[in-house]
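Heads up, the thing below is written out as structure tokens.
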Amino acid sequence: MLPREARALPGRTDPAWAPVIETASGERVGLCFGCGICTGSCPLAPAMDMLPSRLMKAVQLGLKERVLKATAPYLCVGCETCAVRCPNGIDVARVMDAVRQAGLARGGPVPRVDIQRFHQWFLRTVRLFGRAHEGLLSAGFSLQQGRLREDLPTGWALMRHGRLALWPHFIRRRREVRRLFRAIGQRGGR
Amino acid sequence: MGGEKPLALYPGCSLQSTGAAYLASVHETLRALGLRVNELPDWNCCGASSAHFVDPELAVLLPARNLAIAEDLGADVLTACAACHHRLVQAEHELSTSEAMARAAAKQDVAYHGGVRVRHLLSVLDETDLSGRICRPLKGLRVACYYGCLLVRIPRSGGIDDSENPDIMERVLRACGAEVADWQGKTWCCGASLAATAPELAGDLVQRILVQAHRAGADCIATACPLCQLNLDLLQSAAAERSGFDRLLPVVFFTQLTALALGASPRRLGFGKHLVAVRPMMEALAV
């Protein structure tokens, strides 16, 4: 289960990183014995560049740079199948969260910037209105990705069926929600 | 309804937009049962998967504000959306078990002290005696109950039913006179927001689920999640083309079926909003 890089690049590990991820995720990564049930359960494993069980091993070893470059934590949708099946009770999806959040907090290139942008647009609408606005989210994301033309038929189909509310729902005390975003500072994106 | 506290409905953002048919049918179901439930006042977005994508604190603080509003009202929260349910339950758990998180909330003037129960409508219906209230039994309708991920998989706090083979939606719809399919896909992931960011991946996941529903001879798929419904509805025709299905399966909200069975007018249940036409299913039901 050892990622090839661990063998090929001695000295590239940061043993102090595992505890950092353990604290951030609240999960005991060290308990993972590499059974692979998370990988076998993960609906997105076939598309991942680092399988969940390998990522767990890589975190244990402190292969920080390798893990932060992986797209796997961006493809993880948090379905929690791994979490409810792990024999050691580790919520692997939360480890994925912690790894991704660590990468985002550090700044620099993001392995799947498109997926990051999608979530930023989502949160932008929440900060603006207090509630998510699917119309602005899809339009903004689609524009930023330069695929408005490809996405238009879907948008039109949804609109025709009365499924896209054009006007956002504003909550009254939006200030309280904005304050929550301010509390996490730059981590919430712009 | 269990407990003496009143319930306040937390609809969630999708139910005001792409999932409007869900909200309409939730209201019709509650009304048919004579349950008076008010909306949680000034509720905000739960953060869905986007808040925990970027930050663990935001993922708890956004739902926490809603819990605080409910606490102030002396109410428990009633959820319909699977993702909202997941986030609210998770936040309640973290606020009551992690002192650091409770402090973080207090620091932002989110005054939540605990004690609010988050209940999903399926659990409420499961505890309600529906016999004698069914005026339009869903005779002959074979339903594939689809749970997706978030309702049944809430690590540590526990989902609304067994995480591997839940049965709660089956019980409710059986009580409505429907036949339920025994099938494998009920807790498989639909790809969630990857439908927007990696449509080819979400398309594969949706296709996998549809193949199983067809194999089980289902007439329709019932969901409890606005995003699952959207993905299975929107990506179905492409998936059907790839798999060579001879027909499309309507993807309905379970509440559309309960409301129908309880006698609500189909006109009020948002069936016109479905991309895969619901008409064949309705004709089979003679509604």
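The values are calculated or read from the model by the stated rules, or taken from the named source; none is laboratory data. As the structure is a prediction and not an experimental result, all values here were calculated from the model. Please note: Cβ atoms are built from the backbone with ideal geometry, for glycine as well, and neighbour counts cover all protein chains shown. With ligands, DNA and RNA removed, areas are computed over all heavy atoms of the protein, side chains included. Shrake-Rupley method; radii C 1.70, N 1.55, O 1.52, S 1.80 Å.
Data table
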quantity	calculated
Residue list for region B:254-281, filter: without any contact (Cβ under 8 Å) to a residue 60 or more places away in the chain and surrounded by 20 or more Cβ atoms within 10 Å (Cβ to Cβ)	B:Leu275, B:Val276, B:Val278
Scope region A:139-190; condition closer than 17 Å to B:Arg65 by Cα, open to solvent by 20 Å² or more (accessible area, probe 1.4 Å) and among the aliphatic types (A, V, I, L, M); matching residues	A:Ala183
Evaluation of A:Ala105 against (1) under 26 Å from B:Cys228 (Cα atoms); (2) facing chain B (nearest Cβ under 10 Å); (3) open to solvent by 10 Å² or more (accessible area, probe 1.4 Å); (4) of a type in the set (A, V, I, L, M, F, W, C) (one fails), failing number	(1)
Unmet criterion (only one of (1) within 30 Å of B:Ser237 (Cα to Cα); (2) outside any helix (DSSP H, G or I)) for A:Arg149	(2)
Some residue of region B:222-233 being open to solvent by 30 Å² or more (accessible area, probe 1.4 Å) and away from chain A (no Cβ under 11 Å)	no
Residue list for region B:3-29, restricted to those being more than 14 Å from chain A (Cβ to nearest Cβ), touching a residue at least 40 places away in the same chain (Cβ under 8 Å) and not basic (Lys, Arg)	B:Gly3, B:Pro6, B:Leu7, B:Ala8, B:Leu9, B:Ser25, B:Val26, B:Glu28, B:Thr29
Among the candidates B:Ala32, B:Ala48, residue that is out of contact with any Pro (no Cβ under 8 Å at 6 or more places or on another chain), more than 10 Å from chain A (Cβ to nearest Cβ) and open to solvent by 10 Å² or more (accessible area, probe 1.4 Å)	B:Ala32
Scope region B:219-239; condition among the polar types (S, T, N, Q) and either closer than 19 Å to B:Gly159 by Cβ or outside any helix (DSSP H, G or I) (or both); matching residues	B:Thr223, B:Gln229
Region B:169-192: number of residues that are out of contact with any strand residue (DSSP E or B) (no Cβ under 8 Å at 6 or more places or on another chain), in contact (Cβ under 8 Å) with a residue 40 or more places away in the chain and more than 16 Å from B:Leu150 (Cβ to Cβ)	5
Count of region A:119-146 residues which are more than 10 Å from chain B (Cβ to nearest Cβ) and out of contact with any Phe, Trp or Tyr (no Cβ under 8 Å at 6 or more places or on another chain)	4
